[in-house]
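Following: one structure in structure tokens, then a few remarks.
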Amino acid sequence: MSVDAPARPARRPLHLAIAPAHIGYFVLCALIVLLISRATLDGYILNILMQAATYSVAVFGLSVVLGLCGQINLAQAAFFGIGAYAVGLGTVDYGLSYWVCLGIGTIAALLAGAFLGMTTLRLGGHYLAMVTISFQQIVTLVMINAVGLTHGPDGVPSIGRPALFQTSQSYLAFAVAALAIIGYLVWHLQDTRLGRAMRAVRDNELAASVAGINVYRTKVAAFAISALLGGLGGGLFAGGFTYVSPDQFSFAESIVFLTMALLGGVASPIGAVIGTGLLILIPEWLRFLKSIPGLYLAIYGVAVILIILFMPDGIWGFIANFLRRFVRPVQVGTVPPLVLAPDRTGTDMVLDVKGLSKHFGGLKAVDNVDFGVRRGGIHALIGPNGSGKTTTLNVISGLYRATSGRVVLGESDITDLSPHRRTWAGLGRTFQNIRLFRSMTALENVVIGAERRGNSLIPARGGYPALEERALAALEFVGLGPRANEPITRFSYGHQRLIEIARALAANPTLLLLDEPAAGLNSTEKRGLHDLLERIAAQGLTILLIDHDMTLVSGAAQHITVLNFGKRIADGESLGVLRHPDVIAAYLGTET
């Protein structure tokens, strides 16, 4: 595990190398819209294309909430229906402008999605799925039974369209143009700060939280955007077909939306369009089999199952993975050296832990522990297995709430702060079991760390280039700069540890918490880790280290605190602590 590799050219992410393709995309979309507006299309083709375009917008929402953020939404048809009924009722019953109704429907869906997300996203998993199903059922029942408001099962006919798009063909051209613009925005959402946060949450919520991401707020934002796109798609649908009824927005339609997303590739809007088109066209292609009872549905179901089974990333995911083999990332110039400038204001004590306790029922995992970490150098926290070291680290970083006691970072009491707020305050950490974002490259992982709020080394208007430069410098510092654009799965276990350390360093923390960084490393890698720790300390960054390797601890740490059965048994200068009788007894036992 080399850590002294010289600075070499690194590679930029692929999406930055193909920016000129954006112009080509819009030119192609403009040509398609022009062709649709001028071509002669019969009503049957118009209806199919109208359904595909409007449904695709709603499926884009699932690309955000499920593809980017990894959260289940089985109520997309409900949001689709909210947008559709807003346009239908607004133009028919209240005589409002189509554009006003479209805006009302979109905002109503957004608010409904945000409210549902805020009340349920702390659940997750199958509980979240059950809540979204219940919401879908409630919306459907309201559409059917609130006859005075929704017209009941009869639906809403004669829905108005914009004055400029009164004909079906012109309205279809408008819907396709909207689809192209929304698809572009959704495609580039993943390259924004919010999009990167969503991807991090999807891959590993715990790692995302200690990287400074507000996991709950990110989930709610994803859910709200999904609902917004559902409502927008529903509004476009209502104008396109000029009629809506409750059966068009049932739970079955939510399952159809989900299947469309999975079929084409849930992580991409291109996949959403492919999946939507196929699921609308396949029944039309198999229409000649409807005379044979059951055969049509059997072939339809088998076709969908086979595609999902043999293309788990969807059709577009399969195509993208194939094409990626032939793309060579663009090289960039020499990477500048990593600079660490932790906050040096205030007290000389960077971390002060007073009376810290963490009880799990009757088990006192940490029991009234006191210790302080002085600014600069390496402070080790050691003890036998089960002594409470990692629990202490988890309480300090906010993953566990302290039963009692105080944790002060610099001059700030962080005892009651959430993990991401402690990261904003200047904590950085790694884990005993490596926690990286597996779907990202090494560079993308480290960029997440560099985006920490309060990182004084990232210019306020530096944008992504500044983040990328900082991340490349951190990777170069740990010896992995030339491999910045490789996916995490290509790295060895030892190198993955280095990437996790680089992610923490990129955030420019005040205090770096390392939880058993030498675990699983061979002797050569441990020597490289020792050199890396010394280089980090030489930059002035304070390290709180947990590890069982006494050679590493004694060689790197200047100060040691020892725990046993959750209590502090020794604290002081390294050599004296390691010779302390209680420490020797804790590790080796006592002679009977």
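Read-outs: derived from the displayed coordinates by stated rules, not from any lab. Just so it is clear, the model here is predicted, and its values are computed rather than measured. Cβ coordinates were reconstructed from backbone atoms using ideal geometry, including for glycine residues, and neighbour counts include every protein chain displayed.
Worth a mention:
- For LYS567, the aspartates and glutamates whose Cα falls under 15 Å of its own Cα, not counting residues fewer than eight places away in the same chain, are ASP367, ASP370, ASP582.
- Convex hull volume of the C-alpha atoms in the range 19-251, normalised per residue: 119 Å³.
- Scanning the chain for DSSP H helices at least 18 Å long along the axis (C-alpha atoms) with a Kyte-Doolittle mean no lower than 0.5 picks out 21-38, 43-62, 76-92, 98-120, 125-145, 168-189, 215-241, 251-264, 269-285, 295-310.
- In plain terms, the chain from TYR184 to ARG535 could stretch by 122.0 nm, reckoned as 0.36 nm per residue minus the Cα-Cα distance.
- Restriction of the chymotrypsin sites (Phe, Trp or Tyr not before Pro) in the range 63-129 to DSSP coil positions whose beta-carbon has at most 12 other beta-carbons within 10 angstrom yields TYR94.
- Cα gyration tensor shape for the range 139-246, rounded if a/c is under 1.5, else prolate or oblate: oblate
- Ordering of 139-147, 159-167, 240-248 by packing [mean C-beta count within 10 Å, highest first]: 240-248, 139-147, 159-167
- Whether the range 450-545 is rounded, prolate or oblate, judged on the alpha carbon gyration tensor where a/c under 1.5 counts as rounded: oblate
- Per DSSP, loop trypsin sites (Lys or Arg not before Pro) in the range 208-294 with at most 11 further Cβ within 10 Å: LYS290
- Sequence-distant contacts, meaning Cα pairs under 8 Å at least 6 residues apart, place the relative contact order of the range 19-251 at 43 percent.
- Taking other Cβ atoms within 10 Å as a rough exposure proxy, MET349, MET50, MET311 sort from fewest to most as MET349, MET311, MET50.
- Amide H within-cut-off set for GLU516, under 5 Å, with H built and near neighbours excluded: ILE546, ASP547
- Likely footprinting exposure, GLU486, GLU468, fewest C-beta neighbours within 10 Å first: GLU486, GLU468
- Relative contact order (%) - the range 332-484, alpha-carbon pairs under 8 angstrom, separation at least six: 23
- Shape class for the chain: prolate, because the ratio a/c of the largest to smallest gyration tensor axis (alpha-carbon atoms, square roots of eigenvalues) is 1.5 or more and a/b beats b/c.
- Residues whose placed amide H lies under 5 Å from that of THR403, excluding near-sequence neighbours: SER357, LYS358, HIS359
- Local electrostatic count at LYS358 - Lys and Arg +1, Asp and Glu -1, tallied over other residues with Cβ under 10 Å: +1
- Reach of LYS526 by Cα under 16 Å, taken over aspartates and glutamates that are not fewer than 8 positions away in the same chain: ASP4, GLU500, ASP515, GLU516, GLU534, ASP547, ASP549
- Loop-located trypsin sites (Lys or Arg not before Pro) in the range 531-592 whose Cβ has at most 16 other Cβ within 10 Å (DSSP): ARG579
- Ascending count of other beta-carbon atoms within 10 Å, so fewest first, for ILE292, ILE225, ILE133: ILE292, ILE133, ILE225
- As a length-normalised measure over Cα pairs under 8 Å and 6 or more apart, the relative contact order of the chain settles at 19 percent.
- The chain - share of DSSP beta bridges that are antiparallel (%, nearest 5): 60
- THR542 long-range amide H proximity, modeled H, under 5 Å: GLY376, LEU512
- Taken about its Cα centre, the range 125-232 carries a charge dipole of about 260 debye when Lys and Arg each add +1 at the Cβ and Asp and Glu each add -1 at the Cβ.
- Eligible aspartates and glutamates near LYS219 by straight Cα distance, threshold 14 Å, same-chain separation 8 or greater: ASP203, GLU205
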